[in-house]
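The values are calculated or read from the model by the stated rules, or taken from the named source; none is laboratory data. Keep in mind that what you see is a predicted model, and the values were worked out from it rather than measured. Here the Cβ positions follow ideal geometry from the backbone for every residue, glycine too, while neighbour counts run over all protein chains shown. Protein only, heavy atoms only, side chains kept; ligands, DNA and RNA dropped before computing areas. Shrake-Rupley method; radii C 1.70, N 1.55, O 1.52, S 1.80 Å.
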Amino acid sequence: MNWLHTILILAAAYVAVFFEAGFDGFRSLLGAQIDFLPALMVYAGVTSGRLTIALAAVCGGLWFDSLSANPLGVSALPLLAIGLLARRSRELLTSEHFSAQVLLGTMASALQPLATLFIMLNIGSLPLLGWKSLWQWVVMAVGGGLFAPVWFALFSRSHRALEYQPVRKPSFRPDREIKRGRV
């Protein structure tokens, strides 16, 4: 297990949650706040192990719920499901393609609020729902989908900068004998 990768994902979840809570630009411009955690869970599911996915889902969900009106812990289970579903089918996914990243991010960002709403309704919490909720759901899905490639690019750059790169073998072999002269 690569602990640097896990620490970077947890740090990204922490920064994303507090950016969502502190920056009102998207909310005032679009009328809804974009959720970055589902797209991050897609990245974690495609590139990480189960422990990293579980840590990111639980920590990210608790951080998100502590700064929102959600009951504490209600967001962790949908995030965990997103990460585990992405991990289960990562052999089938082409995570290097921009369109696949956008599609996976959009699906995750669309399903996470619905799953959270389902859990909240089942525990007896009554969230405010109306026609504006549909617009907010669309903005969250599209915004999360467009942000998924950003996570892939950001982590790709951080891994190139912070981890050892494999050494390429030169074409010259030291055990090769060079014969000079005429044959």
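Annotations for the structure displayed:
- Checking GLY143 against (1) more than 20 Å from PRO78 (Cβ to Cβ); (2) assigned to a helix (DSSP H, G or I), the condition it does not meet: (1)
- Residue match in the stretch 2-15 (condition: in contact (Cβ under 8 Å) with a residue 24 or more places away in the chain, surrounded by 17 or more Cβ atoms within 10 Å (Cβ to Cβ), assigned to a helix (DSSP H, G or I) and small (Gly, Ala, Ser)): yes
- Unique residue being more than 17 Å from GLY143 (Cβ to Cβ) and touching a Ser or Thr at 6+ places or on another chain (Cβ under 8 Å) when the list is GLY49, GLY61, GLY73, GLY45: GLY61
- Scanning the stretch 80-127 for residues that are of a type in the set (S, T, N, Q) and within 18 Å of ASN70 (Cβ to Cβ) gives SER109, GLN112, THR116, ASN122, SER125.
- Within the stretch 123-139, restricting attention to residues that are open to solvent by 40 Å² or more (accessible area, probe 1.4 Å), among the hydrophobic types (A, V, I, L, M, F, W, C) and in contact with a helix residue (DSSP H, G or I) (Cβ under 9 Å, 6 or more places away or on another chain), the residue that is farthest from SER99 (Cα to Cα) is LEU126.
- Within the stretch 34-71, tally of residues that are open to solvent by 30 Å² or more (accessible area, probe 1.4 Å) and either closer than 16 Å to PHE18 by Cα or in contact with a strand residue (DSSP E or B) (Cβ under 6 Å, 6 or more places away or on another chain) (or both): 10
- The residue that is nearest to GLY144 (Cα to Cα), counting only those in the stretch 83-115 that are touching a Pro at 6+ places or on another chain (Cβ under 8 Å) and open to solvent by 100 Å² or more (accessible area, probe 1.4 Å), is LEU111.
- Remark: pairs (first residue in the stretch 168-183, assigned to a loop (DSSP other than H, G, I, E, B); second residue modelled with pLDDT under 70 and surrounded by fewer than 10 Cβ atoms within 10 Å (Cβ to Cβ); Cβ separation under 6 Å; 6+ apart in sequence or on different chains) are absent.
- The residues of the stretch 72-82 that are more than 13 Å from the chain's Cα centre (by Cα) and either small (Gly, Ala, Ser) or open to solvent by 30 Å² or more (accessible area, probe 1.4 Å) (or both), listed by number, are LEU72, GLY73, SER75, ALA76, LEU77.
- Residue tally, condition among the β-branched types (Val, Ile, Thr) and open to solvent by 60 Å² or more (accessible area, probe 1.4 Å), over the stretch 16-33: 0
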